[in-house]
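Since every read-out is calculated from the coordinates, none of them should be taken as a lab result. Since the structure is predicted, the reported quantities are computational estimates derived from the model, not experimental observations. We place every Cβ from the backbone using ideal geometry, glycine too, and count neighbours over all the protein chains shown.
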Amino acid sequence: MPTPPDTGPSDLYRALIAAWNARDAARMAAQFADDGNLIGFDGSQVDTRASIEAHLQPIFRDHPTASYVAIVREVRLLNAAVAVVRGIAGMIPPGQDDFKRELTTVHTLVASRDGTAPDGRWRAAVFQGTPAAWHGRPGDLTSVLDELRAERSKLGI
């Protein structure tokens, strides 16, 4: 019988999304490796877990951030300690009840696990959000938003 894929990398992705939605900089940063990298939707780059937390704190404190609804598209184990997770996410701004089209995001997560670490947890080595514009293909964006609405309904949010 084939071994099921390790759910750790997809759980890590979901933990990142949950921490963002909770507006919890410390919890989100805790999902990263000490030398992890965050590449934001706007292209900003932040290196190290401590810097990621410091970067997110004023964002969560000073801005009403939109909430993500995300779907894991692929988990690819490159070896026992490295995986790539691809996801798609839509954002619902505060006070609104639907996704803002231009905030649809393609996420790429490179997850790593240090077998010598006491907890052996998966951590984010790189987490990147890229605008999902699909120039010239508005039907693709519409289809993704419909899929995200269905996921939102399934989750009851």
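What to note about this one:
- Identified option (computed semi-axes √(5λ) of the Cα gyration tensor in Å; candidates [x] 38, 21, 16; [y] 25, 20, 14; [z] 22, 19, 15): [y]
- Evaluating 6.51 cos²θ - 1.76 cosθ + 1.60 at θ = phi - 60° for every residue in region 61-74, the Karplus couplings come out as 6, 9, 10, x, 6, 6, 9, 8, 10, 10, 10, 6, 8, 7 Hz, glycine and proline recorded as x.
- When +1 charges are put on Lys and Arg Cβ atoms and -1 charges on Asp and Glu Cβ atoms, the dipole computed for the chain relative to its Cα centre reaches about 220 debye.
- Net charge over other residues, Cβ less than 11 angstrom from the Cβ of Asp98 (K, R count +1; D, E count -1): +3
- Each residue of region 30-38 was assigned a 3J(HN,Hα) from its phi angle through the Karplus expression (A = 6.51, B = -1.76, C = 1.60, θ = phi - 60°), giving 5, 7, 9, 5, 3, 9, x, 10, 10 Hz with x at Gly and Pro.
- Label positions at Asp146 and Arg101, each projected 7 Å from the Cα along the C-beta direction, are separated by 1.5 nm.
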